[in-house]
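Inspection log for the structure reproduced underneath, given as structure tokens.
A short reminder: the numbers here are calculations on the coordinates, not readings from a lab. Fair warning: this is a prediction, and the values are worked out from it, not measured in the lab. Cβ placement follows ideal geometry from the backbone for every residue including glycine, while neighbour counts extend to all protein chains displayed.
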Amino acid sequence: GEDVEQSLFLSVREGDSSVINCTYTDSSSTYLYWYKQEPGAGLQLLTYIFSNMDMKQDQRLTVLLNKKDKHLSLRIADTQTGDSAIYFCAEEDAGAGSYQLTFGKGTKLSVIP
Amino acid sequence: GAVVSQHPSRVICKSGTSVKIECRSLDFQATTMFWYRQFPKKSLMLMATSNEGSKATYEQGVEKDKFLINHASLTLSTLTVTSAHPEDSSFYICSANEDQTATYGYTFGSGTRLTVV
């Protein structure tokens, strides 16, 4: 089946940039998503990118997509302690109306004050 | 690596009927599993935490009589949507953690698209 991989941990200092990386295997991915999960909560959709785009910026968030290498990254500028959470990468294959979401295991971001 | 199998991937049912969704941990034991529902704008709301051998812990606002959760074994949790209505149509997904003591490294099922007609 399809696979989404991301590293489990990332630690950064407050004020620095965070870059969370993700790789996926599905060549027919339609959308790629980044979710944020705080302890005990659901998964909040942060941003997404359509597969024919290579970059999307939304305030402090920048998503880069390298479709050739099937590599997705999320950059958080000026990381704050409130950004400490687990970040999930997910890809959606909407081909033939199948609508399947495949998640990575999540990257736990720790922000050091 | 850890695999969570979720079935069915898609289901269409008539209003008033019940639908069961299964979530299995294939190569590890999961004393805890999590059930989510996807809402517009595609955020996933945590519905409940399923605990093996005991009652599930439901989040505020989730009707436990409507969404029955059973976690009878260490590898299987089920979510039954009872007396389904069109507003229950959504995408439901489960997750589990191979390391029960960890707060990271979750494995998700592939999700179930429920359509109630």
Problem - Long-range amide H partners of residue A:26 with built H, under 5 Å - result: A:3
Practice task
With an 8 Å cut-off on Cα pairs and a minimum separation of 6 or more residues, tell me the relative contact order of chain B in percent.
Solution key: 36 percent
Fill in the blank from the handout: Listed with the fewest Cβ neighbours within 10 Å leading, B:33, B:47, A:55 appear as A:55, B:47, B:33
Problem - Kirkwood Rh and Cα Rg combined as Rg/Rh, the protein assembly as shown - result: 0.97
Completion exercise
Most fluctuating of A:64, A:45, A:72 in the GNM of chain A (C-alpha, under 10 Å) is A:45
Handout entry: 5 angstrom amide H check on residue B:30, placed H, neighbours 5+ away
Key = B:75
Exercise for the section: Would you please name the GluC sites (Glu not before Pro) within the range B:1-102 that are DSSP coil residues with at most 13 other C-beta atoms within 10 Å of their C-beta? Expected result: B:63
Exercise for the section: Over the Cα atoms of chain A, compute the convex hull volume and normalise it per residue, giving Å³. Expected result: 98 Å³
Practice task
Please identify, among B:12, B:69, B:93, the residue showing maximal mean-square fluctuation in a Gaussian network model of chain B using a 10 angstrom Cα cutoff.
Solution key: B:12
Fill in the blank from the handout: Here the Kirkwood hydrodynamic radius of the range B:62-117, Cα-based and in Å, equals 13.0 Å
Practice task
Tabulate in residue order the Karplus-calculated ³J(HN,Hα) for the range A:11-20, using 6.51 cos²θ - 1.76 cosθ + 1.60 with θ = phi - 60°, rounded to whole Hz; enter x for Gly and Pro.
Solution key: 10, 9, 8, 4, x, 7, 8, 10, 10, 10
Problem - Proportion of all alpha-carbon pairs of chain B beyond 19 Å (%) - result: 41 percent
